[in-house]
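> Pasting in a structure now, in structure tokens, and then I'll have a few things to ask.
The values are calculated or read from the model by the stated rules, or taken from the named source; none is laboratory data. These numbers come from a predicted model, not from an experiment. Every residue, glycine among them, receives a Cβ derived from its backbone with ideal geometry; neighbour counts consider all protein chains shown.
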Amino acid sequence: MARFINAMVLLAVLITSPMCNAQVCIYELQGKVTDKHQRPVVGAIVRLLSTSLGAATDTNGNFTITNICRGKDTLVCEAIEYKKTRVVINIADTESIQIVLASGENELGEVVVKGERLQDLHTATQTELSGKALEQTRGATLGQALKELPGLNSVQTGPTLSKPVIHGLYSNRVLIINDGVRQEGQQWGSEHAPEIDPFIANKITVVKGAESVRYGSDAIGGVVLLSPDDLPTQKGITGDVYLIGASNGRMGALSTSLQGAFDKALEGLSWRIQGTLKDAGNFSTPHYYLNNTGLREGDFSANVGYKWKGFDFNVYYSQYNTEVGIFEGAESGSLKDLLIKFESPRPLTRSFFSYDIQRSYQTVYHDLFKASSNYKFHNGGKLDITFGRQKDLRKEYDSDLPLTTDPNILKEPQLSFQLITQTLDLIYTQPNKNGFTGSFGFTGTTSGNVFKGIRYLIPNFRDYNGGIFAIERYSVNKLTFEAGIRYDYRWLQVYQRNPVNLVLYNTTYEYSNITGTAGALYHFNDHLTMNLNTGTAWRAPSINELYINGVHFSDASYEIGDSALKSERSINTSFSVNYTSDKLRSSIDLYYNNIWNYIYEMPLAQPVTTISGVFPAFAFTQDNVNIKGVDVSAQYAFLPNFTYQLKATVVRGYNETIHNHLIYMPADRLDNGIEYHLPNIGKVSEPYVSIDNISVARQTRVPPHTDYVPPPAGYSLWNANVGCLLHIKHNSLNIQFAVDNITNVAYRDYLNHFRYYADELGINYILRLKYSF
Amino acid sequence: MNKTRIVLLTTIMTLVIFWSACNKQEKAVAPPVPGNEFITTLKLVATNVADSTDMVSCAWTKLNPNDTSAPDTSLAHMKLRANAVYNVKVMVLDETKTPPLDITPEIQDRENYHLVCFTIAPGLNLSVQRTDHDTNTPQHEVGLADKFAAGSPSSGNLEVVLHHQPNVKNGDCNRGSIDIDVNFTIYIK
């Protein structure tokens, strides 16, 4: 009975509103609850007395409470078999506290609060994937995982390559920041997926809207921030093991992390190692397998941190390796080839299951070395310095071997790109004074691209980017203002060889831009908050937009770059309303993003004839466009133990120059679900059952004569989930079983580039186990 | 404080070294790989079975694969005698090399996953029969060697397509992807 009550308290806390009576409610408190053996206490409830803001600890004993107000408060921690503990904390000053849970029935424990930090740009619209929602996406790619969030979609090239789409924008218009470092990979096509192992993150935050001021160029659509768990501070070793199996593609994934900290002479030193292995074979649609869609992935990372006086040093290294087969039925030698494949109800070749990866395939290697340090001044200010060096090496092998008699060339990929990027960030965060807080800093990046290949795609280049920014925030009573400004400079030199006389030559480009952001956040009362933000962003044309020239085989198109393209600039205004009460948590985000010089591929009247056939030609061009839309999300506890969940994403894109729709906008999407929380039984806690329906409409707003075939019909999918947490002594096992596409519907999605060739995936049974110790 | 300075200096030095260590590989643009071959030309060479002096050919050429210019079709036509039978060789050439390089043997080496298909426009009195076979089990035709049987005088388009069918070849033209797809005008007189 006591446990049942505890579960009820947890639910109540989860749906309780963020109530802010004090002034600055922009802090985030992170911490960990452990027992006396430093083992995590799962399901403990931690809340702030004055506001009822609270959270339950996850399987690692970690908790995060956001939107906390500045000032003194009492933190209360409750857990079964432990006595309720209270401690007074002072938000804004507290760096780290430990709360020892008073003697319970038989054990002692403690709560460690690792310190709180300001949320970056809190007037911008943000959404977060963490906790149970993140666990339910484990094993999926980053692009697929983020589809769970309102306002996000993914653009795909077959089942294994996907990129996140924020408010209709993707690729080099979405910035990915991996633990503070800009992810620099090849973002030159829809088949170039982000080179990241999603298992490294225990929280993914998405900033929706143009926010170059804080994050630099390219943040036209938004920013995806991946954050790993903080390194432990308590002596001992803890870890997680994920084991995931999925029926579709007979996919298996194993991911492990181990972490620890030292005491005594080595106090302040902590570490983590992590690794992931993933293997999948041919995925299947309801009626056939997708030949050659297997993948292999092997990733690892290591992290060491050291805290010494006011300093905090951190060194991190990660490596990502993957080999991905490209669906055999999606190779088009020409437009005729594509249309034959489109008209056929199923791929023309025999379908079968296999783990083998044949040509064509791609291999990707990405590594990141990061060294960062921060120093806290006595006045409360903080200086952060972060250096990152990343290397991205991508090799693409066409379906046929190179035509040659030279055995060495036979082994070579048709395309190979190597991009090496160094980044340096220096940021000073000023202490809170009379309601003012802020940060300013410098960021610098340089990257060099080396293209090797036996068919031309893009040239070599070197670029240097520098930016300086300042953001200031002022809070008074229930209102917070925020404003920022930034200057960026980009220098780009492109190296080419004259195809006739082989003489080297180069072309230099310079771009500079000023961007700004301004916003306000208002807490009406305990239930209602509103925020309004106008942000600007810019993006220099990417190398493929400037220089690509050649056939894109999976799209059966001939792409032509334009070396005279100018920078894109955007102004995005977003307005959000959040309402939270005991039974309802809801938010509505409205946005209007105006983009000048938006770069896209315009079809040319004259097709290009090559020896392999006739290809429609597309030239990169730029126009002024706008994208507007609304994201809605709501969770409503309509009956005890039942929660209804709704997520809706509506995006409209319009080309103002040609007065027509914008191509490749996501279709309207509605996600509805009901979750039933069962009472805890013995060692089984938080059991739940949920069912979801995802309905996507047909995209009818497309510009005429730009696509070979009309957009596919709408579809409706059903997914189900059951899960619970098992306590095994002081460890825990999180069990989750999901069925995706229960009714095995055959459908195609407008944002999948392979919709010309094949259906999307059929039914998929997924078992996810997570053992935490 | 001295210690702090040392730590800071070391950090900055390390960063500077890392920063300047990039060796500017991108400036050395790789020259074209000499052994790499391009398909620039598809040529048909037809020899009259009854009269070996009657040898005609036609060729479809595009020298630069990475350019949007029109192909050279000035030689993409051929005259056959009415009611005659010709042995036809399909040749694939790389004419960016001097002298032009014959790539046909390499296609021949990969005959188990290549198939040449012919589409004869209505009105053109021509029939085409492939005469060569690959080493698949069972064997399938390849089409690099063919027999053209010209009928009564007429003219029209002949489309020649080289299909690339790795592991899926079964004699059917619609499989795999297209490597070459060109058109010739055939006159039968």
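> Within the stretch A:267-285, track down each residue that is surrounded by fewer than 20 Cβ atoms within 10 Å (Cβ to Cβ) and in contact with a Phe, Trp or Tyr (Cβ under 9 Å, 6 or more places away or on another chain).
Across the stretch A:267-285, the qualifying residues are A:Gly268, A:Leu269, A:Trp271, A:Ile273, A:Gly275, A:Asp279.
> Do you know which residues across the stretch A:595-638 are aromatic (Phe, Trp, Tyr) and more than 24 Å from the chain's Cα centre (by Cα)?
A:Trp596, A:Phe615, A:Phe618, A:Phe620, A:Tyr636, A:Phe638 - these are the residues of the stretch A:595-638 that are aromatic (Phe, Trp, Tyr) and more than 24 Å from the chain's Cα centre (by Cα).
> Next question, about the same structure. List pairs: first residue in the stretch A:319-336 and within 13 Å of chain B (Cβ to nearest Cβ) and β-branched (Val, Ile, Thr), second residue surrounded by fewer than 24 Cβ atoms within 10 Å (Cβ to Cβ) and part of a strand (DSSP E or B) anywhere in the structure, Cβ distance under 8 angstrom, at least six positions apart or on different chains.
Filtered contacts from the stretch A:319-336: A:Ile326/A:Thr157; A:Ile326/A:Tyr361; A:Ile326/A:Gln362.
> Sticking with this structure for a sec: Under the condition of being more than 11 Å from chain A (Cβ to nearest Cβ) and either in a strand (DSSP E or B) or without any contact (Cβ under 8 Å) to a residue 24 or more places away in the chain (or both), which residue from the stretch B:161-186 is surrounded by the most Cβ atoms within 10 Å (Cβ to Cβ)? Please lay out each step first, then the result.
From the stretch B:161-186, those more than 11 Å from chain A (Cβ to nearest Cβ) are B:171, B:184-186; that's our starting set.
Still in the running and either in a strand (DSSP E or B) or without any contact (Cβ under 8 Å) to a residue 24 or more places away in the chain (or both): B:184-186.
Values: B:Phe184: 21, B:Thr185: 16, B:Ile186: 24.
The residue in question is B:Ile186.
> Can you name every one of the strands (runs of 3 or more DSSP E) wholly within the stretch A:664-773 that holds 2 or more residues which are buried (at least 16 other Cβ atoms within 10 Å of the Cβ) and of a type in the set (Lys, Arg)?
A:764-772
> Going by what's in this entry, would B:Ala150 be described as of a type outside the set (D, E, K, R), surrounded by 18 or more Cβ atoms within 10 Å (Cβ to Cβ) and more than 14 Å from every other protein chain (Cβ to nearest Cβ)?
When the stated conditions are applied, B:Ala150 passes them.
> Contact list please: Cβ distance under 7 Å, first residue in the stretch A:349-360 and under 12 Å from A:Arg250 (Cα atoms) and more than 10 Å from every other protein chain (Cβ to nearest Cβ), second residue assigned to a loop (DSSP other than H, G, I, E, B) and not small (Gly, Ala, Ser), pairs at least six apart or on different chains.
Note: pairs meeting the criteria are A:Phe353/A:Asn282; A:Ser354/A:Asn282.
> Ok, one more. Can you spot a residue in the stretch A:398-406 that is at the interface with chain B (Cβ under 10 Å from one of its Cβ atoms), without any contact (Cβ under 8 Å) to a residue 12 or more places away in the chain and in contact with a strand residue (DSSP E or B) (Cβ under 9 Å, 6 or more places away or on another chain)?
Yes, the conditions are met somewhere in the stretch A:398-406.
> Here's another thing I want to ask about it. For A:Phe342, state whether it is in contact (Cβ under 8 Å) with a residue 12 or more places away in the chain, touching a helix residue (DSSP H, G or I) at 6+ places or on another chain (Cβ under 7 Å) and more than 8 Å from chain B (Cβ to nearest Cβ).
Answer is yes for this residue.
> Restricting to strands (runs of 3 or more DSSP E) lying wholly in the stretch A:551-621: which have 2 or more residues that are within 14 Å of chain B (Cβ to nearest Cβ) and more than 30 Å from A:Asp488 (Cα to Cα)?
A:557-560, A:608-610, A:613-615
> Pairs needed: first member in the stretch A:160-179, on the phi > 0 side of the Ramachandran plot and buried (at least 24 other Cβ atoms within 10 Å of the Cβ); second member anywhere, part of a strand (DSSP E or B) and among the aromatic types (Phe, Trp, Tyr); C-beta distance under 7 Å; at least 6 residues apart or different chains.
Every condition considered, the pairs that remain are A:His167/A:Tyr591.
> Okay, moving on. Suppose the filter is closer than 30 Å to A:Ser576 by Cα, crowded, with 21+ Cβ neighbours inside 10 Å and not aliphatic (A, V, I, L, M); does A:Thr515 pass it?
Details: closer than 30 Å to A:Ser576 by Cα: yes; crowded, with 21+ Cβ neighbours inside 10 Å: yes; not aliphatic (A, V, I, L, M): yes.
It is true that A:Thr515 is closer than 30 Å to A:Ser576 by Cα, crowded, with 21+ Cβ neighbours inside 10 Å and not aliphatic (A, V, I, L, M).
> Restricting to strands (runs of 3 or more DSSP E) lying wholly in the stretch A:90-165: which have 1 or more residues that are modelled with pLDDT of 85 or more and among the β-branched types (Val, Ile, Thr)?
By residue number, A:125-130, A:152-157.
> Restricted to the stretch A:388-446, and to residues that are modelled with pLDDT of 85 or more and of a type in the set (Lys, Arg), which residue is nearest to B:Asp94 (Cα to Cα)?
A:Lys411
> Are any residues in the stretch A:413-441 within 13 Å of chain B (Cβ to nearest Cβ), within 25 Å of the chain's Cα centre (by Cα) and more than 18 Å from A:Tyr495 (Cβ to Cβ), and if so, which ones?
Correct list: A:Gln422, A:Thr423, A:Leu424, A:Asp425, A:Leu426.
> Among the listed residues A:Thr580, A:Thr610, identify the single one that is farther than 21 Å from A:Thr534 by Cα, surrounded by 22 or more Cβ atoms within 10 Å (Cβ to Cβ) and touching a Pro at 6+ places or on another chain (Cβ under 8 Å).
When all the criteria are applied, what remains is A:Thr610.
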